[in-house]
Amino acid sequence: MTEKIIELDNISVTFKQKNQTIEAVKNVSLDINRGDIYGIVGYSGAGKSTLVRVINLLQKPTSGKAKINGDLFYENTDGHEKVIETNKLRKKRRKIGMIFQHFNLLNEQTVVQNVEFALKHSSLKEKEIASKALDLLKLVGLEDRANAYPSQLSGGQQQRVAIARALANDPEILISDEGTSALDPKNTIQILDLLKRLNNELGLTVVLITHEMEAVKRIADRVAVMENGEIIETGNLLDIFTNAKHKLTREFVGTESASSKALATLKAAKLVQLDDDQECIQLTYIGSSVSESLIVKLYKDFDVIANIIYGNIEILQGTPVGALFVIVKGSVENRKKAIKFLKEQDIIVTKVEEGEVFNG
Amino acid sequence: MAELFAKYFPNVVYQGWNGDGGWLPAIGQTLYMTFWSAIFGGILGLVFGIGLVLTDSDGILPNRGTFSFFDKVVSFFRAIPFIILLAFIAPVTQKIVGTQIGTTAALVPLSLGVFPFYARQVQVALASVDHGIIEAAQSLGATFSDIVFDVYLREARSELIRVTTVTLISLIGLTAMAGAIGAGGLGNMAIAYGYNRFANDTTFVATLLVLIFVLLVQLIGDFLARVLNHKNI
Ligand SMILES: Nc1ncnc2c1ncn2[C@@H]1O[C@H](COP(=O)(O)OP(=O)(O)O)[C@@H](O)[C@H]1O
Ligand SMILES: [Mg+2]
């Protein structure tokens, strides 16, 4: 059922400058399924833009293999470079829309001319191009600004024009490289919801590059985390949020900072002073809630007192995800047993101070 | 009125409207030289300016050899003082125009004198186009000519008008020197008939006419640059 629309195999991108070489992307393999919203997160400089620019070959890799929508765009696995022919690439690029942080509209052309520019080489007649451009502007809610110049629009409106332009040739993939990063929160949400709508209605595959986890949280199905040119973790959104393996991922997801912040606050307020028989743990659970009886059970069966100090719940992909910060008190042996029991209940247990996930 | 003018500007009146040394031919020669060398030098400058931007290392057709060729030619011609270029280029002028002196002959050194200046200005104007816009166009499958005409030239049009204005004004300055090879014009009027004959009034009026010409070019250029700019209103 699921079909790969983007296949990146061992992609490396190296920039050679006068006195240094920068390995912006190192041996990255990434498959993206048709119809997915795939988030790629990481700090600035991680190599996200360089990696996604390989998808439409705005950036030619140094080695690896890139197959997009069934077409081989690039291959160099044995020192022989095979690159898709320029004319063909031009046509294929029209099926891969891209939006940017700074919109990159043509400033000297009106909103509707910007969309028409994308249709310049389509097989449509002049009249059809004009009406298609208007339809696209309707789709993004900007038909009444068709004759305005980009500088007369707000950032959110400009990005919507950019989306209309990117969709002009009915692409199957839309890449957003920090497409919401220059927008205020309200516009960010509008654009993200528009992308989600396009994904639902047109079956558009969306590649969402961002350094803002909130964007990914709102619409992504799957997530990859990048650091220093490498993908360090991939998974579906829920997994990444509830069960991240990597410290950086947790940092991004916010569990790291939320928990350490919670603990620091409590410590500072002298509300928590962990004795030898106490520890602070985070319980993350999906779907159902941690029932009170569980806390009672910990006391009755394991002689462990659990004290809830902080709780939080979020909705991810329509599923509630809860986090509880709990101080457990009891002997080392009993605490171990209690934690083992919690994990058997499909609860993810994280020791807060060290930020380590218990394995078991 | 006319009597008063004749009293204070006797030499101006002496030159007369028409004929050898007349005002109308002088004005005509300046306009002629400015117009045609702007066309020839302008085309040459545009080609070199566009070539420089496209073949630069971050351009859309990076090619070190071609870039370096454009760059060297432009630098070479820019380095030659115009008054020396007039003489230096004379054999070439002879080949192209058939004579080394006169107004039409002056078009060759004028075009060659103004094009490197214009090429550099065009280069700077085009380089001011945001690279992101070019990438966006490429991501839409734009062709080479789309990028040159719809992106580079159109996006930079206001900036191009501005540098064209500057270039035209300096070209008017160069035409004044072309008198040295018998090209006539207002510059020649100011020197040959004014300065050399101690006719200060002639120099004054010739200068005034050049100033009016420069001012008009500036006003029209500023107006167009403003009207054609939608970047940041
Ligand atoms: N054209 C380039 N030339 C040289 N270095 C580059 C170029 N593009 C990106 N880099 C470098 O590659 C690294 C990754 O950059 P980028 O892909 O833009 O990261 P991100 O999008 O995650 O912020 C950075 O160190 C950046 O400086
Ligand atoms: Mg980036």
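Computed from the coordinates by the stated procedures, all read-outs in this text should not be read as laboratory data. Computed from a predicted structure; not experimentally measured. With ideal geometry, Cβ positions are generated from the backbone for all residues, glycine too; neighbour counts draw on all protein chains shown.
Charges at C-beta only: +1 for Lys and Arg, -1 for Asp and Glu. How large is the resulting dipole of the range B:2-232 about its Cα centre, in Debye rounded to 20?
In debye, rounded to 20, the range B:2-232 gives about 400.
Relative contact order, percent, of chain B when contacts are C-alpha pairs under 8 Å separated by at least 6 residues?
Relative contact order here is 25 percent.
For B:Thr104 and B:Thr66, what is the calculated FRET efficiency with R₀ set at 41 Å and r taken between the beta-carbons, to the nearest 0.05?
0.80
Please report, in debye to the nearest 20, how large the charge dipole of the protein assembly as shown is about its Cα centre when each Lys and Arg carries +1 at its beta carbon and each Asp and Glu carries -1 there.
In total the dipole reaches around 1120 debye.
Would you mind computing, in nm to one decimal, how far apart the modelled labels at B:Trp36 and A:Phe15 are, each placed 7 Å from Cα along Cα→Cβ?
The two pseudo-label positions are separated by 5.0 nm.
Taking the Cβ-Cβ separation of A:Asn236 and A:Asn87 as r and a Förster radius of 41 Å, what is the calculated FRET efficiency to the nearest 0.05?
0.60
Please name whichever of A:Gly179, A:Pro320, A:Gln109 sits farthest to the positive end of the charge dipole of chain A, dipole taken about the Cα centre and charges placed at Cβ: Lys and Arg +1, Asp and Glu -1.
The residue sitting most towards the positive pole is A:Gln109.
Have a look at A:Ser12, A:Ser131, A:Val52 and report the one farthest towards the positive end of the charge dipole of the range A:4-245, computed about the Cα centre with Cβ charges (Lys/Arg +1, Asp/Glu -1).
It is A:Ser131, whose Cα lies furthest towards the positive end.
Once you charge only the Cβ atoms, +1 for Lys and Arg and -1 for Asp and Glu, what is the size of the charge dipole of the range A:4-245 about its Cα centre, to the nearest 20 debye?
For this selection, approximately 540 debye.
What longest range of chain B stays clear of loop-exposed chymotrypsin sites (Phe, Trp or Tyr not before Pro) (DSSP non-H/G/I/E/B, at most 13 other C-beta within 10 angstrom)?
With a cap of 13 other Cβ atoms within 10 Å, the longest stretch comes to B:18-197.
Return the lysines within reach of A:Lys351: Cα separation strictly under 17 angstrom, same-chain partners fewer than 8 residues apart disregarded; answer none if there are no such residues.
A:Lys245, A:Lys247, A:Lys261, A:Lys267, A:Lys329, A:Lys336, A:Lys337, A:Lys340, A:Lys343
Which of the helices in chain B meet the span-like rule: DSSP H, Cα axial reach of 18 Å or more, Kyte-Doolittle mean at least -1.0?
Span-like helices, by this rule, are B:23-55, B:64-79, B:103-127, B:157-177, B:200-227.
Place +1 on the Cβ of every Lys and Arg and -1 on the Cβ of every Asp and Glu in the protein assembly as shown, take the dipole about the Cα centre, and give the residue among B:Val151, B:Leu112, B:Ala176 whose Cα lies farthest towards its positive end.
Result: B:Ala176.
What spacing in nm lies between the two simple spin-label points modelled at A:His121 and A:His246, each 7 Å away from Cα in the Cβ direction?
3.6
For every helix of n ≥ 4 consecutive DSSP H residues, a contribution of -39,500 (n - 2.57) applies; sum these over chain A, divide by its total residues, and give [θ] at 222 nm rounded to the nearest 500 deg cm²/dmol.
Only helices count here, giving -10000 deg cm²/dmol.
What pairs in A:Lys92/A:Lys125; A:Lys60/A:Lys127; A:Lys48/A:Lys125; A:Lys65/A:Lys92; A:Lys92/A:Lys127 have C-alpha atoms more than 28 Å from each other?
The answer is A:Lys60/A:Lys127; A:Lys48/A:Lys125.
First select every other residue whose beta carbon is under 14 angstrom from the beta carbon of A:Leu72; then total the charges, Lys and Arg +1, Asp and Glu -1.
So the environment of A:Leu72 carries a net charge of +1.
Counting only other chains, what is the mean number of Cβ atoms within 10 angstrom of the Cβ of each residue in peptide A:106-113?
For this peptide, the per-residue mean of nearby foreign Cβ atoms is 5.
Using a 10 Å cut-off on Cβ to Cβ distances, tally the other chain neighbours for every residue of A:156-166 and report the average as a whole number.
Neighbouring Cβ atoms belonging to other protein chains average 1 per residue here.
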